[in-house]
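Structure first, commentary second.
Nothing in this text is a laboratory measurement; each read-out follows from the coordinates by a stated rule. Every value quoted in this text rests on a predicted model; they were computed, and no experiment measured them. Backbone-built Cβ (ideal geometry, glycine too); neighbour counts: all protein chains shown.
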Amino acid sequence: PWQQGGAAAGPDNSPLQIFVKAKKKINDIFGEIEDYVNDTVEYMHDIEKEQNIINTVRVKETEEFVSKVHGIRDVLCRDHMKVAFFGRTSNGKSSVINAMLHDKVLPSGIGHTTNCFLQVEGSPNDEPYLVLENSEERCAVESVGQLAHALCKEKLSESTLVKVYWPKNRCLLLRDDVVFVDSPGVDVTPNLDEWIDKHCLDADVFVLVANAESTLMVTEKNFFHKVSSKLSKPNIFILNNRWDASATEPEFLDQHCNEQEEVRRQHQERAIDFLVKELKVCSSKEAEERIFFISAKEVLQARLAEQGQTTSTPLTEGFQTRYFEFQDFERKFEECISKSAVKTKFEQHSQRGKFIANELRDILDGIYNDALKLKEDRLAQRKEVTDKITYTEQQLMVITQDMKKKIHTMVEDVEQRVSKALNE
Ligand code: GDP
């Protein structure tokens with residue numbers, strides 16, 4: 001059953017679709033807002049020429065919305081879900097990322113210590129390449145070997161960011177806009193503040209890759225104390241990696257089931273205490289859904305075998321259970337990151353979209369009211385003129401009637417006088 005592979009779910013029922021669909025929807029809405037703004041500006045320019053009802057300040061305000069909406073659309077297109085991995089050197093951060101990507105993307109193992117920040121995201125053109133910080137140049141990379149070589153060649157400081165663009169068609173998580181950040185070990189005298197300010201403030205999820213063979217170290221804990229002092233309630237997952245190694249501990253082999261359960265219980269308890277009591281980032285119930293016992297190495301090996309890249313599948317006892325637990329982690333992780341990213345990335349944009357739509361409505365309402373007022377004024381003016389005409393007409397009528405009467409009387413009078421004169 002582990003060969004079903006893929007992310008924890010198929011492409012279309014993956015929880016990542018919450019983010020993917022929300023992103024599409026908000027992009028469509030802003031597309032409509034952009035049309036609406038453009039139409040309004042065009043309409044305002046039209047009536048500005050013909051009528052005297054439009055205030056130039058209003059036209060300017062509306063024109064400014066064009067560039068605002070354009071800017072928001074730009075940011076929206078680039079929005080993604082970001083997960084950052086931390087832990088001591090060699091705990092298996094690169095291996096976890098590779099297992100999630102179903103491929104050996106990042107160099108891992110002895111001699112390949114990650115000595116800078118590595119960000120993996122989907123390549124727009126299905127070609128793998130990397131871009132160094134402060135550079136525009138795309139260096140083509142075909143293999144992990146080349147990537148490791150390119151990284152060693154450069155003398156990079158530990159907080160430098162190298163972006164690795166990996167073909168989207170090789171991994172569902174990249175296709176769905178998940179961006180992975182691998183960090184140097186927290187034991188490499190890090191400049192924590194700079195790390196967090198530079199690489200973590202926009203992370204939606206943090207994954208602490210711990211070594212299941214030892215307890216959480218002070219350096220690992222310190223880092224997350226710092227993170228949670230800078231971010232309110234960060235989403236943190238704890239992966240107890242190398243769980244396969246504890247399955248094969250010689251002292252566990254005889255009665256290892258009980259022993260292993262005891263070790264697991266202790267790790268679990270301490271990790272819950274760390275998240276709930278020390279960092280206060282979640283409730284104990286939530287914490288239980290954030291702690292996993294896995295083997296990244298086995299999952300990667302199994303997934304590579306599935307694709308025919310290696311022939312050896314892992315055979316260590318308990319492999320299937322650990323594989324399922326990894327898939328369980330992936331599903332919970334996908335749910336958490338997509339919900340969190342929708343909230344942090346889109347909530348502000350929806351507020352601004354609403355604000356712009358309301359402002360536009362107010363401006364158009366204003367124009368409509370001004371136009372109505374103008375119409376009323378003109379009607380009133382016209383009425384005044386009509387009233388005057390009617391009065392004049394009436395006056396004329398009176399005068400004419402009067403004249404008529406007078407002429408009539410005059411004629412009668414003349415007639416009478418004429419006939420009288422004739423008779424005489
Ligand atoms: P990073 O420095 O934290 O990125 O660690 P790497 O991913 O480079 O891993 C360091 C070494 O540990 C490599 O040789 C891996 O093959 C090995 N490793 C990683 N995960 C596991 C695991 O789950 N089990 C075992 N046995 N070895 C692992």
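Gain on full extension, evaluated as 0.36 nm per residue between Ala421 and Ser157 minus their Cα-Cα distance, stands at 81.4 nm.
Net charge near Leu192, counting Lys/Arg +1 and Asp/Glu -1 over other residues with Cβ under 15 Å of its Cβ?
Residues near Leu192 contribute -1 overall.
Cross-link pairs exceeding 30 Å in C-alpha to C-alpha distance, out of Lys82/Lys226; Lys104/Lys230; Lys198/Lys280; Lys168/Lys297; Lys285/Lys339; Lys21/Lys277, comprise Lys104/Lys230; Lys21/Lys277. Near the amide H of Thr160, within less than 5 Å, lie the amide hydrogens of Phe117, all on another chain or at least 5 residues away, with H placed in the peptide plane. Positive end of the dipole of region 278-385, charges at C-beta (+1 Lys, Arg; -1 Asp, Glu), about the Cα centre: which of Ala371, Thr316, Phe355 has its Cα farthest in that direction? With unit charges placed on the Cβ atoms, the residue in question is Ala371.
Taking all Cα pairs closer than 8 Å and separated by 6 or more residues, the relative contact order of the chain comes to 21 percent. For the chain, the longest principal axis of the Cα atoms and the long axis of helix 17-50 meet at an angle of about 30 degrees. Summarising the amide proton neighbourhood of Ser123: residues at separation of 5 or more, or on other chains, whose placed amide H is nearer than 5 Å comprise Trp166, Lys168.
Between Ser283 and Gln348, the modelled label-to-label distance comes to 2.9 nm, taking each label 7 Å out from Cα in the direction of the beta carbon. Length available on full extension from Ser312 to Glu259: 0.36 nm per residue minus the Cα-Cα distance, which gives 16.2 nm.
Highest mobility in the GNM of the chain, judged by mean-square fluctuation with C-alpha springs under 10 Å and restricted to Asn241, Asn91, Asn55, is found for Asn55. Built from the Cα atoms of region 270-371, the convex hull projects on average onto 12.0 nm², one quarter of its surface area. For region 203-214, the Karplus equation 6.51 cos²θ - 1.76 cosθ + 1.60, evaluated at θ = phi - 60°, returns couplings of 6, 8, 9, 10, 10, 8, 8, 9, 9, 5, 7, 9 Hz by residue, with Gly and Pro reported as x.
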